[in-house]
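The values are calculated or read from the model by the stated rules, or taken from the named source; none is laboratory data. Note that the coordinates shown come from a computational prediction; the quantities given were computed from them, not determined experimentally. FYI the Cβ positions are ideal-geometry reconstructions off the backbone, even for glycines, and counts take in every protein chain you see.
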Amino acid sequence: MKKKWGAALQLAAVYVGTVVGAGFATGKEIVEFFSRFGFIGLIGILISGYIFIFLGSKLMRLAARMRAKSYQELNTFLFGPYLGGAINILMLFMLLGVSAVMLSGAGAVFQEQLGLSRSLGIMLTIALSFIVMIVGTKGLFAVNTFVVPMMICFSFMLFLVTIQQPHFLEQLLFIPPADDGWKSVVNPFSYTAFNIGLAQAVLVPVAAEIEDEDTVKWGGIIGGAALTLILLSSHATLIMLPNLEIYEIPMAAIMKDLAYGFYWIYVLIIYGEIFTSVIGNVYGLEKQLNHYLKLPSIVWVCIIFVISYLGSFVNYGTLLSYLYPIFGYVTIIFIVLLWMKPLDSVKK
């Protein structure tokens, strides 16, 4: 029983670590999709949380039943052989784009928060990722199991400090004016669609390696619940930051103001979460590319990093603002089909 729950918690950590990437950990993504809409954004987070719990768990249970080796098999199952092939190619480009965003985010942390070279941050991230890729699935579990609990603890610590600030409740209920207010209705669905759609690159092969479906089910539920709590606590903190949209890394700016003693540790945690998403994306991409052309894993990893490195030279905030919403709209059809597909369509 202990082994079962331990595996479920490890899977939950991988789920959280894959979703909590550059935009989520830094707060930029939460601002873009939720916090700039105030109280309406809070309602959007609750909707997103339900989708993360329900569909994240369902995705992994389907993958486990299918014994799917990569997200290609799951997409073919959901979309059919022809449309599924097109979706898989699209996902390939999306994952490469997101890997570039993650590397750019790592560079932003080094440049904006540490005062070091942006290129140093990117190259160090690539070097550390190579080490984890050599270890394989165990390395993926180990990194996420270490970083994710620390991220959760610090998010709640900031939340507890924030709720003691004056006018917190007023700010929580405030609905600021927004020219694109209609996005507050669409964002919970596009945001979760984007994240679950891309997380399948990691979650599908990892879930398929776990034989017990109850372990997979609870891994998805715990991971989805943890994502919801991190979103809620981060949102409650971000709404207290004046002009929150101007910051590349708003969560670090808040930590600097409210708990400076923990600031440098928190910057390292932000970097750690960006790193978990980098290795998750590369892990999923390598598994998928090997279906198209059999090459040694290290060769595919090198090719992925060269392409991602070139893309990372685009400004991190620009990449996040343009790529994420577009990818979100594209992947909405994925979560609709995932929601409609009965679990019993694949026998245990």
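Of all residues in the range 77-89, count the ones that are buried (at least 16 other Cβ atoms within 10 Å of the Cβ) and either more than 23 Å from the chain's Cα centre (by Cα) or over 18 Å from LEU343 (Cα atoms) (or both). Looking only at that region, the number is 5. Screening VAL204, VAL161, VAL186 for residues that are within 12 Å of MET60 (Cα to Cα), at pLDDT 80 or above and either assigned to a helix (DSSP H, G or I) or touching a helix residue (DSSP H, G or I) at 6+ places or on another chain (Cβ under 6 Å) (or both) leaves exactly one candidate, VAL204. Restricting the range 233-244 to residues that are in contact with a helix residue (DSSP H, G or I) (Cβ under 6 Å, 6 or more places away or on another chain) and not hydroxyl-bearing (Ser, Thr, Tyr), the residue that is nearest to ALA12 (Cα to Cα) is HIS235.
Note on the range 35-117: enclosed helices (runs of 4 or more DSSP H) holding 3 or more residues that are more than 29 Å from GLY219 (Cβ to Cβ) are 81-108. One residue stands out in the range 164-179 among those that are in a helix (DSSP H, G or I), out of contact with any helix residue (DSSP H, G or I) (no Cβ under 6 Å at 6 or more places or on another chain) and in contact (Cβ under 8 Å) with a residue 12 or more places away in the chain: the one that is farthest from SER35 (Cα to Cα), namely PHE168.
Quick check on my filter: what residues within the range 257-284 are among the acidic types (Asp, Glu) and surrounded by fewer than 19 Cβ atoms within 10 Å (Cβ to Cβ)? Walk me through it before giving the result.
Taking the range 257-284 as the starting set, the residues that turn out to be among the acidic types (Asp, Glu) are 257, 273.
Within the range 257-284, just ASP257 meets the criteria.
Within the range 147-193, if we keep just the residues that are among the charged types (D, E, K, R) and out of contact with any Ser or Thr (no Cβ under 9 Å at 6 or more places or on another chain), the residue that is surrounded by the most Cβ atoms within 10 Å (Cβ to Cβ) turns out to be ASP180.
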